[in-house]
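The values are calculated or read from the model by the stated rules, or taken from the named source; none is laboratory data. Predicted model, so just to flag it, every value in this text is computed and none were measured. Note that each Cβ is placed from the backbone with ideal geometry, even for glycine, and that neighbours are counted across all protein chains shown. For accessibility, only protein heavy atoms count, side chains too; no ligands or nucleic acids. Shrake-Rupley method; radii C 1.70, N 1.55, O 1.52, S 1.80 Å.
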Amino acid sequence: KQWYQRRVRAPFLKFHCFILFGVQVKMDAFEINMEALEAIQNGAASKPIFSKNSCVVFTVLGASGDLAKKKIFPSLCNLFEKKILPPSCQIIGYARSNMTVEQLASKSNPFMKDRNKEVQSAFWQRVTYVAGTYDTPDGFIKLNEKIEEIEKGHGGEKRFRLFYLALPPAVFIPVCTQLKNNCWISSNSAECRVIVEKPFGRDLDTSNELSEAITALFDEHEIYRIDHYLGKEMVLNLMILRFGNELFRTVWNRERIACVVITFKEPFGTYGRGGYFDTNGIIRDVMQNHLLQILCLVAMERPVSVDASDIRDEKVKVLKFIKPIELDDVVLGQYVGNPTGPT
């Protein structure tokens, strides 16, 4: 308190140490309702997206991959446990690998954070698996047949098909093309959405190519572009920590903070992601999306509201003020790998 009243300038303040402060959040100033915030953090929606009579089929493309087993299936299981998924929701895994649901579960269960075994078992009973390629119609025709089988068995007043692309960007265009040609429906009683994960291309040219191709296939409201790192609890709390607390609102500026250090650490190697890193690398995988998003949240000005477009506008302002990176200002290291270890 005395430090705050004297407004002493700290010699440096590391970003990952902010959590050590005992802070009292004052919500009124940022127009956020605490109950709504807690509901979001606990995974509860303020208003159901789907009615109880809706038939929802969630398809994970790239179901055998690293992202799916570590993030997507554990997150879906979490939503299932908190009863946020509609009662009718069925999940389909789609990938090139020939495998069973039991094999899929054995890969993903270690990342379920000691969740109740009965909950896990009930969750996997909702999951089916379809094997197929990403660039030919045969697998997607089988996928559509499986979705239609689920929909006919449920009935329901409205159908929702969600397609999550847990895939490398190199196959986004052929997969989206096959989805549009073989699995897409649009009517008053049916809706589809495609969820595109980062990284969105290798560079500006490939990113623009992807954008043009996907927007040519789908309407903008049918496309979700996401970065799963923004769902981490600490990242979700950043805006509240900054703009909802009187202590940080007055000192979080260049006059009071001399240095911000954003540290990303992983206690494991590539472990099955060798092919992905050979073509994308850690900089494209982490720095130009995950860490750049955190940088924007740390450095941006207070947005007009918590609406997505207002937050995006403030992030863009930060990016426009960043000078182009020079190699002389960068320290790079190369992981040489373990020839005898897993790829």
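Can you run down the residue pairs with Cβ atoms below 6 Å, 6 or more apart or on separate chains, where the first is in the range 160-174 and among the basic types (Lys, Arg) and the partner is open to solvent by less than 20 Å² (accessible area, probe 1.4 Å) and in a strand (DSSP E or B)?
Short answer, once both residue conditions are applied: 161/57; 161/192.
If residue 221 satisfies every condition in (1) under 18 Å from residue 71 (Cβ atoms); (2) modelled with pLDDT of 85 or more; (3) exposed (fewer than 14 other Cβ atoms within 10 Å of the Cβ) but one, which is the exception?
For residue 221, the failing item is (1).
How many residues are in a loop (DSSP other than H, G, I, E, B) and either in contact with a strand residue (DSSP E or B) (Cβ under 9 Å, 6 or more places away or on another chain) or free of Cβ contacts under 8 Å to residues at least 24 places away in the same chain (or both) when one looks only at the range 251-292?
Total meeting the criteria: 7.
Which of the residues that make up the range 107-157 are assigned to a loop (DSSP other than H, G, I, E, B) and within 25 Å of the chain's Cα centre (by Cα)?
The initial filter retains those residues of the range 107-157 that are assigned to a loop (DSSP other than H, G, I, E, B), namely 112-116, 125-126, 132-136, 155-157.
Those that are assigned to a loop (DSSP other than H, G, I, E, B) and within 25 Å of the chain's Cα centre (by Cα): 112, 113, 114, 115, 116, 125, 126, 132, 133, 134, 135.
Considering only the range 165-194, state which residues are open to solvent by less than 20 Å² (accessible area, probe 1.4 Å) and outside any helix (DSSP H, G or I).
Listed by number, the residues that qualify are 165, 166, 167, 183, 190, 192, 194.
When you go through 90, 103, 125 one by one, which is the residue that is open to solvent by 20 Å² or more (accessible area, probe 1.4 Å) and touching a residue at least 24 places away in the same chain (Cβ under 8 Å)? Spell out the reasoning first.
Values: 103 fails: touching a residue at least 24 places away in the same chain (Cβ under 8 Å); 125 fails: touching a residue at least 24 places away in the same chain (Cβ under 8 Å).
None of the other options fit; the residue is 90.
Against the conditions (1) within 26 Å of residue 201 (Cβ to Cβ); (2) loosely packed, with under 13 Cβ neighbours inside 10 Å, where does residue 280 fall short? Just the number, please.
Only one criterion is unmet by residue 280, namely (2).
Of 67, 79, 104, which residue is touching a His at 6+ places or on another chain (Cβ under 8 Å) and in a helix (DSSP H, G or I)?
Being touching a His at 6+ places or on another chain (Cβ under 8 Å) and in a helix (DSSP H, G or I) holds for just one of 67, 79, 104, which is 67.
Given the conditions (1) polar (S, T, N, Q); (2) exposed (fewer than 14 other Cβ atoms within 10 Å of the Cβ); (3) at pLDDT below 85; (4) under 22 Å from residue 70 (Cα atoms), and given that residue 338 satisfies all but one, which numbered condition is not satisfied?
Residue 338 satisfies every listed condition except (4).
Among the residues of the range 106-121, which ones are surrounded by fewer than 16 Cβ atoms within 10 Å (Cβ to Cβ) and over 25 Å from residue 132 (Cβ atoms)?
If the condition is that a residue be surrounded by fewer than 16 Cβ atoms within 10 Å (Cβ to Cβ) and over 25 Å from residue 132 (Cβ atoms), then 110, 113, 114, 116, 117, 118, 119, 121 are the ones that fit.
Looking at 36, 10, which one is open to solvent by 40 Å² or more (accessible area, probe 1.4 Å) and at pLDDT below 50?
36
Considering the range 224-260 alone, what residues qualify as being open to solvent by 60 Å² or more (accessible area, probe 1.4 Å) and among the aromatic types (Phe, Trp, Tyr)?
Within the range 224-260, just 224 meets the criteria.
Taking the range 195-206 on its own, how many of its residues are in a helix (DSSP H, G or I) and without any contact (Cβ under 8 Å) to a residue 12 or more places away in the chain? Working first, answer last.
First, pick out the residues of the range 195-206 that are in a helix (DSSP H, G or I): 204-206.
Restricting the remaining residues to those that are without any contact (Cβ under 8 Å) to a residue 12 or more places away in the chain gives 204-205.
Residues meeting the conditions: 2.
Scan the range 293-310 for residues that are touching a Pro at 6+ places or on another chain (Cβ under 7 Å) and touching a residue at least 40 places away in the same chain (Cβ under 8 Å) and jot them down. Outline the logic, then answer.
Narrowing the range 293-310 to residues touching a Pro at 6+ places or on another chain (Cβ under 7 Å): 310.
If the condition is that a residue be touching a Pro at 6+ places or on another chain (Cβ under 7 Å) and touching a residue at least 40 places away in the same chain (Cβ under 8 Å), then no residue fits.
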